[in-house]
1. I'd like to know which of Leu221, Leu60, Ala254 lies farthest towards the positive end of the charge dipole of the chain, counting +1 on Cβ of Lys and Arg and -1 on Cβ of Asp and Glu.
2. What is the sum of charges, Lys and Arg at +1 and Asp and Glu at -1, for the other residues whose Cβ falls under 10 Å from the Cβ of Val50?
3. Rounded to the nearest 500 deg cm²/dmol, what is the calculated helix-only ellipticity per residue at 222 nm for the chain, with -39500 (n - 2.57) per DSSP H run of length n ≥ 4?
4. What FRET efficiency, computed as 1/(1 + (r/R0)^6) with R0 = 30 Å and r the Cβ-Cβ distance, is obtained for Lys131 and Asn77, rounded to the nearest 0.05?
5. For Ile287, what residues show an amide H to amide H distance below 5 Å, using hydrogens built from the backbone and excluding near sequence neighbours?
6. Please name whichever of His204, Ile144, Ser410 sits farthest to the positive end of the charge dipole of the chain, dipole taken about the Cα centre and charges placed at Cβ: Lys and Arg +1, Asp and Glu -1.
7. What whole-number volume per residue, in cubic angstrom, does the convex hull of the C-alpha atoms of region 105-251 give?
8. Can you find, among Val50, Val163, Gly354, the residue farthest towards the positive end of the dipole of the chain? Put +1 on the C-beta of Lys and Arg, -1 on that of Asp and Glu.
Amino acid sequence: MDKFIINGGKPLEGTVYIGGAKNAVLPAIAASLLASGISTISNAPQLRDVSTMCHLLRSLGAQIVFKDGVLTIDTANVNSFEAPYDIVKTMRASVYVLGPLIARFGKVLVSLPGGCAWGPRPIDLHLFGIKKLGAAISLDKGYINAAADTLHGAEIAFAKSSVGATGNVLMAAVTAKGKTVIRNAAVEPEITSLTENLVKMGAHIEGIGTSSLKISGVTSLEPLHTTVIPDRIEAGTFMAAGAIAGGKIILKNAEPSHLSAVIEKMRAAGISVKVGEEIIVESDGNILPADVLTDIYPGFPTDLQAQWIALMSVAKGNTVVEDTIFFDRFTHVAELNRLGADINVEANKAYIKGVDELKGAHVMSTDLRASASLILAGLRAKNQTEVHRIYHIDRGYESIEKKLQALGASIRRAPE
Ligand code: EPZ
């Protein structure tokens, strides 16, 4: 296992290139299963989660080459329908094969994802939707067994907005017989991108970008050829890095329209954010307190909650951050307090008292976005911070230390 060694207190200057979105490339890879043949996905980020999804598809019989940011996936010989526990337990997004496999083969065996560092991650909404489309579902030894001779269109109203469940049901519905309506569909950019990708494959979908999607089933689909949208969470993370460290950074290849809520909050915190072809973040390191309530898109994303708490830990005043999506996603707080932050969590709210300075220490990553928040705090903290178990960060950020080094940060990867 590796760790990061960070010497804090250095302002950041320079340009960072934002990569393709993890949460868009993963469903795109799964969608390639819907058609037999060779799909190509460009601007694909080199992430551990992408490798895991490719490992899963290879275990199903697909051939995959990943070269120069392009994934070439041949699904002609896919002949297995099981997403095994040892893969699903490492990455919940493996569940995205549920919809495509039952659509193409009429059967699938997917391990229940179990929990993650911050509590249970149910898939009841996924199963509710697939069942409405006609699948028979049983649970046996921790595996979901789903089967359907044919899938038929249905009215599916989600009681709760779910990115994954919307994605899975979309991929199952595109070749179901007849019309499907999905109400309260997720409208995150990654799901809108999936919808556009399915249309590129020949699907008939109306209401793209809205929470009410109408799908008319088609008999077959063509392989996918697409380019991954920019990663708004990577972009938001680097914006927070520029804010907490101070200095001036330029983000290229980001998509500002996916970051409105984040840009608004950054400005409320006294950070200069200029938006044009690129996003320019300028900060003197003085942070104003700005409360955040996470919400579904276009609200403030839960995936930037940990990073925001790190930023607010050195604000000139007190802040409340409430996560309405994941109520227990606060494992980063105890580690931030080891760096001198003054944060209290009650239920799904973090009460942050801004401190004048953070002091370097050894801290431990517990999950992907928590790791990012510890790196941000390390960039600010006096002296040296060591962030341990950074395999978590490699799941969702491509060479984050190299990108930060290019901005002048003193951060290096070292064996534990
Ligand atoms: C996606 O997870 C993202 N992952 C998450 O990003 C992100 O935090 C989340 O959406 C919310 O935006 C990927 O896209 C691979 P949900 P997902 O279904 O689909 C509950 C990261 O850091 N729920 O929208 O699992 C659920 O517990 C990751 O990149 C059910 O109750 O999220 C949560 O409270 C972390 N039943 C809420 O809905 C279900 O069947 C939203 O979850 C499904 C979800």
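1. Looking along the dipole axis, the top candidate is Leu60.
2. +1
3. After summing the helix terms and dividing by residue count, I get -9000 deg cm²/dmol.
4. Here the calculated transfer efficiency is 0.55.
5. Close amide H contacts, sequence-distant or interchain: Lys316.
6. Ranked along the dipole, the leading option is Ile144.
7. 134
8. Result: Val50, furthest along the dipole toward the positive end.
The values are calculated or read from the model by the stated rules, or taken from the named source; none is laboratory data. Source: prediction; values computed, not measured. As a convention, Cβ positions derive from the backbone with ideal geometry for all residues, glycine included, and neighbour counts pool all protein chains shown. The accessibility values were calculated without ligands, DNA or RNA, using every heavy atom of the protein model including side chains. Shrake-Rupley method; radii C 1.70, N 1.55, O 1.52, S 1.80 Å.
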